[in-house]
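Presented below is the structure to which this report refers.
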Amino acid sequence: MTDIESLYREIFADRSVTPEESSSLLSHFRSLQQISDNSTAPPLTPDQIVWLRASAFRIACEFLQDEREENVKLLKALNAVVHCLETSCLLPHLDEGGGDEFTKEKAEELLCSLYETQGGEEEEEEEAPGVNKAEAAALKEFLTDEATRPPLDCLVWLRSAAFRLGSQYLDEEGDRDKNVALFRSVNVVVHIIEDTCMKIKALKLELPHSHTPTSDTDFSTAVQTLWYLDSNRLQPNVDYSIDVQRSKHPCDKDDAAHDPLFTHMNHQVFSTRPTFKAFRALLDNYSACTGEEEEVSEQELFENKVFLDAVMETAVMKYCHQY
């Protein structure tokens, strides 16, 4: 992923996205959804799409300037980067008509209310702008409510409006802390738009020659290839961290590890990766008591199918099917 960070920096350095840079972004994002010949990196996962967008915002903050106009240009470049990401990795998840009560004016009014600086008259300094949980929930409700859900043809406008209106709240004096906080707020707004109005583009994985088993493929090679293909594996010290603490002899009965084993866990993977999410839905379908007869509902049968379909769509199972 370091290549994309370098590309981000090249783009934000001059605060504009040229056609060549746009083409490079699209090509790079699409390559992440494919398995290259002899690659040891797994294909893209949904939570990595979130990381790609959040990284664009984080790196853009490195290029904030004292001049407001330069920062407006930076937000426009950031909008172009996000557009490339959404075009490559996401699909619209909206009806053509939208809600009867949706208007662009209502959407803009809500977005502006999220960016407005919070702070009372008694405070000596204004607080940096930020989107709190209640405000995020209000935006999510607006975008998902049947009456106010935006129509399909307003999707690109909505995301662009998030950037355009956000630029109106850039600090006139170039206060870096306030502008960084504003960029984070825009990122939150864009995340909610993507989460409610878009869906992950299904990966149509095709195994390259180096990852296709043959009659001569030995078991060790097959297992190693499965490891390369497993995009669901978690990375130590990135997705989780553990504290093994003290070791002890097997005969010792006392607990030598009093603290939790896991010191950090990226819980986002459980709600964004299809197989994880589908598996969690199964956990309340079964009785833990031996001998107790279970009644299987239509919903539970549906959840079983969703899980199996998600598993069979992975590169790992495609390889196993050919092995």
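For this structure, a couple of remarks:
- If you go through the stretch 165-177 and pick out every residue that is open to solvent by 50 Å² or more (accessible area, probe 1.4 Å) and free of Cβ contacts under 8 Å to residues at least 60 places away in the same chain, you end up with 4.
- Applying the set (1) in contact with a Leu (Cβ under 6 Å, 6 or more places away or on another chain); (2) open to solvent by less than 20 Å² (accessible area, probe 1.4 Å) to K199 leaves exactly one unmet item: (2).
- Every pair of residues 6+ apart whose Cβ atoms lie under 9 Å, when the first sits in the stretch 303-318 and is under 20 Å from H209 (Cα atoms) while the second is small (G, A, S) and modelled with pLDDT under 85: E313/A202; T314/S231; A315/S231; V316/S231
- Residues located in the stretch 239-252, provided they are assigned to a loop (DSSP other than H, G, I, E, B) and surrounded by 10 or more Cβ atoms within 10 Å (Cβ to Cβ): D239, D243, Q245, K248
- Among residues of the stretch 178-191 that are acidic (D, E), none has a beta-carbon under 9 Å from a residue that is surrounded by fewer than 22 Cβ atoms within 10 Å (Cβ to Cβ) at least six positions away or on a different chain.
- Taking the listed residues L229, L261, L308, the one that is open to solvent by 60 Å² or more (accessible area, probe 1.4 Å), within 24 Å of the chain's Cα centre (by Cα) and not charged (D, E, K, R) is L308, with no other qualifying.
- Residue list for the stretch 80-104, filter: aliphatic (A, V, I, L, M), within 23 Å of Y8 (Cα to Cα) and open to solvent by less than 60 Å² (accessible area, probe 1.4 Å): A80, V81, V82, L85, L90
For every residue, the table says whether it meets (1) surrounded by fewer than 20 Cβ atoms within 10 Å (Cβ to Cβ); (2) at pLDDT below 95; (3) in contact with a Ser or Thr (Cβ under 7 Å, 6 or more places away or on another chain).
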site: A134; (1), (2), (3): yes, yes, no
site: P150; (1), (2), (3): no, no, no
site: W157; (1), (2), (3): yes, no, no
site: N187; (1), (2), (3): no, no, no
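- Residue in the stretch 273-300 that is most open to solvent (accessible area, probe 1.4 Å), counting only those that are assigned to a helix (DSSP H, G or I) and farther than 24 Å from W51 by Cβ: E298
- When every residue of the stretch 9-16 is checked against the conditions, at least one turns out to be touching a residue at least 40 places away in the same chain (Cβ under 8 Å), surrounded by 15 or more Cβ atoms within 10 Å (Cβ to Cβ) and either assigned to a helix (DSSP H, G or I) or in contact with a His (Cβ under 6 Å, 6 or more places away or on another chain) (or both).
- Residue ID - most open to solvent (accessible area, probe 1.4 Å), chosen from residues in the stretch 105-132 that are touching a helix residue (DSSP H, G or I) at 6+ places or on another chain (Cβ under 7 Å) and at pLDDT 90 or above: E108
The values are calculated or read from the model by the stated rules, or taken from the named source; none is laboratory data. Quantities reported herein were computed from a predicted structural model and do not represent experimental measurements. Cβ coordinates were reconstructed from backbone atoms using ideal geometry, including for glycine residues, and neighbour counts include every protein chain displayed. The area values use the complete protein model at the heavy-atom level, side chains included, leaving out ligands, DNA and RNA. Shrake-Rupley method; radii C 1.70, N 1.55, O 1.52, S 1.80 Å.
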